[in-house]
Amino acid sequence: MSPEPADSPAVDSPATDSPSADSLYEALKVFEGRTTSAASVGKDPVNEPMIRHWCEAMGDAHPAYRGPDAVAPPTMLQAWTMGGLSGHPTDGAGRSSAYEELSALLDAAGCTSIVATDCEQEYLRPLRPGDTITFDAVIESVSPRKTTKLGTGHFITTRMDIRAAGELAGTHRFRVLKYAPAPAPARQQSEPKPRRPRPVVNRDNAGFWAGVAEHRLLVQRCADCATLRFPWLPGCNACGSRAWDTVEASGRGTVYSYVVMHHPPFPAFDPPYAVALVELAEGVRMIGNVIGVPYDKVRIGMPVRMEFAKVDEDLELPMWRAGVEED
Ligand code: ZN
């Protein structure tokens, strides 16, 4: 998402000139500088187990995060401030009342939807296991009324300053857009249904789509270590070699995981529909629509068989048919 920073000179909506929009913005501006959290203390000191879990989840094996001189990954900054499922002891005791009041004003003005737009962090001092952190949060800015594709509303930026041993370790800015949703444009009866987006074919994956055109499901294989890979990439993750050939997959697989898409509506698709991460018999995984069974009958472990499905006059896509007999 490409958010519109609250302080950018974006075009204000025409409604800015109306007296009600002006008075709302004036009422919102009053909240700039209001504290939403003061001298809060991190639930846990910076610690090795949380660092290890983070690194495993991120797949980050950098040696700086291990051993006796370990530092915490800088991007963990916010993690140390989080209250977890049970929250912070001060939650609900006026800690975030300024934010709640601001939200209530926007709700009353019809800005009932919210979307997180972006986050910025600055790192000033490394955090190390054993550091106890404290943090303060403030509503830094509220933007003038702005109109985006989602709707019209205001960007709210909250700044959190995180300290260790009284020293500023980093700053975390979090921005949301609180807005009145724009009405969905009604499609005229006469307009044809929009076509499904075309695959983006580039130098890295052109061979895959050439295979699809010939009804062959091609998986890349490293020419040096024979490791299979999907999606197509210029190099081997196992050995770094850039030499490769392909193998034609059998098209047999099982549902490794899946989602059922209900939202957001997209004109070329008819939700709800199921999209699966399929583990091929050859071992690599591939994403695609599941067909042949109702969307709510898709299950992890279900055997599926690839078929080339004609989507429209010039697009065929590999899809995964469930309800097939296993060989
Ligand atoms: Zn290799």
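The values are calculated or read from the model by the stated rules, or taken from the named source; none is laboratory data. Keep in mind the model is a prediction, meaning the values are calculated, not measured. Because the Cβ atoms are built from the backbone with ideal geometry, glycine has one as well, and the counts that use them run over all protein chains shown. For the accessible areas, the whole protein counts, side chains as well, though only heavy atoms, and no ligand, DNA or RNA atoms are used. Shrake-Rupley method; radii C 1.70, N 1.55, O 1.52, S 1.80 Å.
Only Cα sites of the range 199-248 enter the Debye sum here, all with the same form factor; the resulting log10 I(q)/I(0) across q = 0.13, 0.24 1/Å is -0.27, -0.84, listed in q order. Listed by chain and number, the lysines placed with their C-alpha closer than 28 angstrom to that of residue 297 are 193, 310; residues fewer than eight positions away on the same chain are left out. Counting only protein heavy atoms and a probe of 1.4 Å, the accessible surface of the chain is 55% carbon and sulfur.
In the context of the full set of protein chains, the chain has a per residue accessible area of 57 Å² (1.4 Å probe). Pairs of alpha carbons in the range 239-324 separated by more than 15 Å make up 60% of all such pairs. Contact order for the chain, expressed relative to its length and based on alpha carbon pairs under 8 Å spaced 6+ residues apart, stands at 13 percent.
Over the residues of the chain, the helix contribution to mean residue ellipticity at 222 nm works out to -4000 deg cm²/dmol, using -39500 (n - 2.57) for each DSSP H run of at least 4.
Cysteines in the chain lacking any other cysteine Cβ under 4.7 Å from their own Cβ: 55, 111, 119.
Taken over the range 11-181, the ratio of Cα radius of gyration to 2.2 N^0.38 Å equals 1.20.
Along the charge dipole of the range 211-280, pointing to its positive end and built from +1/-1 on Cβ of Lys, Arg, Asp and Glu, which listed residue (239, 211, 273) has its Cα farthest out? Going by the Cα projections, it comes out as 239.
I need to check one value: relative contact order of the range 199-248, counting alpha carbon pairs closer than 8 Å and at least 6 residues apart, in percent. Over the range 199-248, the number comes to 34 percent. Most tightly packed first, judged by the mean number of other beta-carbon atoms within 10 Å of their residues, the peptides 113-124, 267-278 read 267-278, 113-124.
Give the lysines whose C-alpha is closer than 19 Å to that of residue 29, dropping any in the same chain fewer than 8 places away, or say none. Counting by Cα, and skipping residues close in sequence, residue 29 has these lysines nearby: 146, 178. Its Cα centre serving as origin, the chain has a Cβ charge dipole (Lys and Arg +1, Asp and Glu -1) of approximately 320 debye. Sorting 86, 37, 257 by solvent-accessible area of protein heavy atoms yields 86, 257, 37, largest first, with a 1.4 Å probe. At q = 0.20 Å⁻¹ the log10 of I(q)/I(0) for the range 30-89 amounts to -0.82, computed by Debye summation with a single uniform scatterer per C-alpha, solvent ignored. About its Cα centre, the dipole of the range 199-248 is roughly 100 debye, where the only charges are +1 on Lys and Arg Cβ and -1 on Asp and Glu Cβ. Label the range 208-286 by shape, choosing from rounded, prolate and oblate, from the square roots a ≥ b ≥ c of the eigenvalues of the Cα gyration tensor; if a/c is under 1.5 it is rounded, and otherwise prolate applies when a/b is larger than b/c, oblate when it is not. Taking the square roots of the gyration eigenvalues as a ≥ b ≥ c, the range 208-286 is prolate. Surface listing: 53, 88 arranged by accessible area from highest to lowest gives 53, 88, probe 1.4 Å. Sorting the segments 100-111, 56-67 by their mean number of nearby beta carbons within 10 angstrom, highest to lowest, gives 100-111, 56-67.
Calculated on the alpha-carbon coordinates, the convex hull of the chain measures out at 211 cubic angstrom per residue.
Charge dipole (Cα centre; +1 on Lys/Arg Cβ, -1 on Asp/Glu Cβ; no other charges) of the range 11-181 amounts to roughly 140 debye.
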